[in-house]
Each structure stands twice: as structure tokens, then as C-alpha cells.
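Worksheet: the structure to be examined is printed underneath.
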Ligand SMILES: Cc1ncc(COP(=O)(O)O)c(C=O)c1O
């Protein structure tokens, strides 16, 4: 451990000892019970490592050849949101996320000995993919431990790059323990996907590109998982333009940075499954928190339905397929949580596009439902010949399109000559939906709308 620590400091030119030593030379016990010795020497609570702006510029220079300098272009959503929005399309990286920046830099910074032995990490997806791809490109053996709930597509993609993929552990916490143990046994360097200093420095290159690409930025809105991305981006942007506002966004289902701010240290938050699976990290990194906390001007926590709507808006308006984590910045804007940005120039990193097709389909439907464009209702109509046909004619007369229709006789309590008709239909927009509702209420006595149209928003004119 002492050697690893020294190696890290030598390789990176850092002055800090990452493993704290007590005055008598014994290691301070940062280790506990079963996890004794299973600690990541690069991420130590008692001695967090803040990266510097020079780390980021060094990363930018080193990874230049292996990373796409992705476009950052004005968004078509600018008019509708009243914000001069720019989208940094980092989902266009080869493996679909910004994680390649940090992964490539961390791999390039290994000593020759470490490169030969190889690296290991635990990840649910994007970091694993990035590490496997760049390990393959650079000829460095990579092992990733992916929890059993990791998407099958991502597991298969990692194997495609010739990586050793171990699918084990019910969640990320256990996968990480397995990876640390395996790494220790095999002499592999563990690379934390958000808290390793080189990872954060690599992610910071996204911030450098943004300020090169867009002049006079007022704010950057950055999604937060373990905090590596916001740490790097905030440091890069604030160093060059201290007046730019940095806003962090989390899903309400994994508010780990919010928890850390509340307790003033990385603290485990309770997390639930979320559309923003890339952000589902229960505790932000020690180094990430130390680097980012003072640079973040505002933190917002967004609701799931807004993430679904943001995914839908990006598909419809920008023709961009973005995963939940990458869409949280736009979600916060659409939800009206960042109205102070109206009239300002704001950059949103669209930092990942790895969304399963089935999940994408569900997001689009949820987005439509939350916007009132997909409606579900039950109406009681006459069971005499022509009753249902009359309903269908009525819907067609105002251009409402039926997606599903089903009728039910046996369980209705009212008159025997009535039938309950359940309809799922599409409308053009909220106004059109209101027209439909008024028409149904005028023509039928009993109309019940499903929960899906009790939505969300008056902000949504996009
Ligand atoms: C697409 C996407 N966006 C944002 C993040 C958050 O990055 P970080 O964990 O460095 O905070 C992740 C993390 O995996 C991600 O995959």
C-alpha cells in the first residue's frame, strides 16, 4: 500500500501522501473489519485530494488524440425556454459518454509497470465502457466488475473490447468491494470512475472545450453522480471565467451531493431506481466533493417525470438520443427550477446517450403522458348499436388519434344498456387535450381521466 501511494505521488507529481500516516509511522486506521486493506488509495476520506487547473490542462493535452472534440451548438429549445441554450453533445463520444475523457487520461498516466499489469474498476456502464474501449486502444488489460443489474447491452459491449468482464454483486457497493479484492489479489490498479484524481482532471477537459466553443457564458448546468464531472468542469470553467454560475443537478431518487452539502462531507444517501441510472451513486467521492463543493453556486434536485420529458424534448426538437443522466440539466429548466436563467446564455452538457431502446420507448411515452399529449380515460357510453362508433367519430372529428380502445360490460354497476370504454389516445398539445376533455364532458355523463394526464406543467410550451 505504501508503495502504491508513493507510486501515485511520483507519477502525478503530487506532494500529498494519500494514505495518512500517524506520527509514529503506523498507518492511521482508515480500514474497517472485512474491508481492511480493501481501500482505494486514491480516494481517502481523511485526506481528500483536490485537483488543480493544471491537472486539467495536462489532461487536455494528453487525451487530445483519442477523444472527440464534440460540438457545442445553440439549441432549438432556446426560444421555447427563454434561455440562450447551448448543448455540448458529448454523447457523440465513441462509447456514448464523456467518461472516455477521464478513462483515457487515467490510463495514460499509469506507470509502464501498472500498464502491463492492467487496471480494474466497478461500474454500472459508462465508465466501464470507456475504460474497456481505451484499454483496448492503448493495449492495457482491463477488468471491470459490473453488478448483476447492469444493462446486458453494456456488458456485451465491454466484452467486445476484449475486457475481462465480471458480472457479480447485487449493487455497486458490492461490485466495488469485489473489484478492490480482485485488484489486490492480481496486482491491478483500481480506477474509481468519478473520484480518481486523473478521472476528474480528464472530465474537466469538457469544461475547457465549452469555454473555447461558446463566448460569454452565464451558466453551465452539470449532472452529478459521484461528482467527478462537476468537479472537473467547475474547476476548468471557474478558473477561466470566475463569474460563470455553476449549477449541479441530481435526480430526486439519488440526491447524494445534496446529502453531502447538508452534512458538509460525503454521506451515504438512500437511492431508488431512476431514469438517470448514470447518476445512481449513493455517496459522492471524497476528492470530488473537496474539489467541487466550493465551486457549485446552486444545486437542484429534479423529479423523474421531468427527466422523461427532457428526453422526449431532446428527441423531438434536437434529434438527440440522450440517456436520463444526460437530460437532467434540461429537466431542471423545463421544470421551472432555473427560471433565473431566462435571458441568459447557458450550456448544458448532454453527457451520455447510452439508453436501452426499451427504456427510451417508455421514457417517450411517459414524457408524452406527463405533457398531456398521451391521455387515458374511461367513458360510459350507450351499449346500443353505434354507441362506440359515435365516440370514435367524435374523437376523429377533432383530430384525436386512438392508440388503444377496450370496452367492458360485466363489471359496470349502472344501467344495463351502458358500456365502459377505456381509451388511450394522442393529442397534439395541452390545448388540444382540453378541447377533447370539454367535448367528452359535454356529450357523456361519466368521464374519468387517468392519472397520466394530471401532469406536471404549465411551463411546457416547447
Ligand atoms: C451520462 C452521465 N452523466 C453524468 C454522470 C455523472 O458523472 P459523475 O459520476 O462524474 O458525477 C454520469 C456518471 O456515470 C453519466 O454516466
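The values are calculated or read from the model by the stated rules, or taken from the named source; none is laboratory data. Computed from a predicted model, the values in this text were never measured in an experiment. Cβ sites come from the backbone with ideal geometry, for glycine too, and all protein chains shown count toward neighbours.
Exactly one condition in (1) within 25 Å of residue 334 (Cα to Cα); (2) crowded, with 18+ Cβ neighbours inside 10 Å is false for residue 269; which is it? Looking at each condition in turn, residue 269 falls short on (1). Within region 100-121, being away from the ligand (no atom under 13 Å from the Cβ) and either under 19 Å from the mean Cα position of the chain (by Cα) or closer than 20 Å to residue 206 by Cβ (or both) holds for 104, 105, 107, 108, 109.
Select from region 319-330 the residues that are within 16 Å of the ligand (Cβ to nearest atom) and either surrounded by fewer than 19 Cβ atoms within 10 Å (Cβ to Cβ) or part of a loop (DSSP other than H, G, I, E, B) (or both) and list them in ascending order. Working first, answer last.
Here is the first cut: in region 319-330, the ones within 16 Å of the ligand (Cβ to nearest atom) are 320-330.
Hits for region 319-330 are 320, 321, 322, 323.
Candidates in region 352-370 are the residues that are within 16 Å of the ligand (Cβ to nearest atom) and assigned to a helix (DSSP H, G or I); of these, the one that is surrounded by the fewest Cβ atoms within 10 Å (Cβ to Cβ) is 359.
Collect the residues in region 90-99 that are within 12 Å of the ligand (Cβ to nearest atom) and touching a residue at least 40 places away in the same chain (Cβ under 8 Å), keeping them in residue-number order.
To start, the set of residues in region 90-99 that are within 12 Å of the ligand (Cβ to nearest atom) comprises 90-91, 93, 95-99.
Correct list: 90, 91, 95, 96, 97, 98, 99.
Note on region 59-80: among residues that are surrounded by fewer than 21 Cβ atoms within 10 Å (Cβ to Cβ) and farther than 25 Å from residue 313 by Cβ, the one that is nearest to the chain's Cα centre (by Cα) is 69. Residue under question is residue 392, and the condition is that it be surrounded by fewer than 22 Cβ atoms within 10 Å (Cβ to Cβ), out of contact with any strand residue (DSSP E or B) (no Cβ under 6 Å at 6 or more places or on another chain), more than 22 Å from residue 90 (Cβ to Cβ) and at pLDDT 95 or above; does it hold? For residue 392, the condition - surrounded by fewer than 22 Cβ atoms within 10 Å (Cβ to Cβ), out of contact with any strand residue (DSSP E or B) (no Cβ under 6 Å at 6 or more places or on another chain), more than 22 Å from residue 90 (Cβ to Cβ) and at pLDDT 95 or above - is met.
Say whether the condition of being surrounded by fewer than 21 Cβ atoms within 10 Å (Cβ to Cβ), part of a helix (DSSP H, G or I) and away from the ligand (no atom under 14 Å from the Cβ) is met by at least one residue in region 331-346. So that I can check it myself, show each step before the final result.
Quick first cut of region 331-346, residues surrounded by fewer than 21 Cβ atoms within 10 Å (Cβ to Cβ) only: 336-337, 339-340, 342-345.
With the extra rule that they be part of a helix (DSSP H, G or I), the set shrinks to 339-340.
Still in the running and away from the ligand (no atom under 14 Å from the Cβ): 339-340.
For region 331-346, residues surrounded by fewer than 21 Cβ atoms within 10 Å (Cβ to Cβ), part of a helix (DSSP H, G or I) and away from the ligand (no atom under 14 Å from the Cβ): present.
Within region 291-302, restricting attention to residues that are more than 12 Å from the ligand (Cβ to nearest atom) and out of contact with any strand residue (DSSP E or B) (no Cβ under 8 Å at 6 or more places or on another chain), the residue that is nearest to residue 171 (Cα to Cα) is 293.
Going through 201, 150, 163, 219 one at a time, which residue ends up being more than 16 Å from the ligand (Cβ to nearest atom) and within 23 Å of the chain's Cα centre (by Cα)? Walk me through it before giving the result.
Details: 201 fails: more than 16 Å from the ligand (Cβ to nearest atom); 150 fails: more than 16 Å from the ligand (Cβ to nearest atom); 163 fails: within 23 Å of the chain's Cα centre (by Cα).
Residue meeting the stated conditions: 219.
Scanning region 47-89 for residues that are touching a residue at least 60 places away in the same chain (Cβ under 8 Å) and in a helix (DSSP H, G or I) turns up 53, 55, 56, 57, 58, 59, 60, 63, 80, 81.
Criterion first (over 19 Å from residue 303 (Cβ atoms) and outside any helix (DSSP H, G or I)) does residue 388 satisfy it?
In short, no.
Of the numbered criteria (1) surrounded by fewer than 21 Cβ atoms within 10 Å (Cβ to Cβ); (2) in contact (Cβ under 8 Å) with a residue 60 or more places away in the chain; (3) part of a helix (DSSP H, G or I), the one residue 216 fails is (3).
Whether any residue in region 149-159 is assigned to a helix (DSSP H, G or I), buried (at least 17 other Cβ atoms within 10 Å of the Cβ) and modelled with pLDDT of 95 or more is what I want to check.
Of the residues in region 149-159, the ones assigned to a helix (DSSP H, G or I) are 152-159.
Those still in the list that are buried (at least 17 other Cβ atoms within 10 Å of the Cβ) too: 154-155, 157-158.
Narrowing the set further to residues that are modelled with pLDDT of 95 or more leaves none.
Within region 149-159 (the criterion being assigned to a helix (DSSP H, G or I), buried (at least 17 other Cβ atoms within 10 Å of the Cβ) and modelled with pLDDT of 95 or more), the answer is no, since none of the residues qualifies.
In the set 208, 131, 124, only one residue is in a loop (DSSP other than H, G, I, E, B) and either under 23 Å from the mean Cα position of the chain (by Cα) or within 16 Å of the ligand (Cβ to nearest atom) (or both); that residue is 124. What tally of residues in region 232-290 results from selecting those that are outside any helix (DSSP H, G or I), touching a residue at least 60 places away in the same chain (Cβ under 8 Å), within 25 Å of residue 344 (Cα to Cα) and within 13 Å of the ligand (Cβ to nearest atom)? Adding up the residues that qualify gives 3. Is there a residue in region 167-181 that is touching a helix residue (DSSP H, G or I) at 6+ places or on another chain (Cβ under 6 Å) and either outside any strand (DSSP E or B) or closer than 19 Å to residue 99 by Cα (or both)? Yes, region 167-181 contains at least one residue that is touching a helix residue (DSSP H, G or I) at 6+ places or on another chain (Cβ under 6 Å) and either outside any strand (DSSP E or B) or closer than 19 Å to residue 99 by Cα (or both).
Of the residues screened, residue 349 is one that is within 12 Å of the ligand (Cβ to nearest atom) and closer than 19 Å to residue 245 by Cβ.
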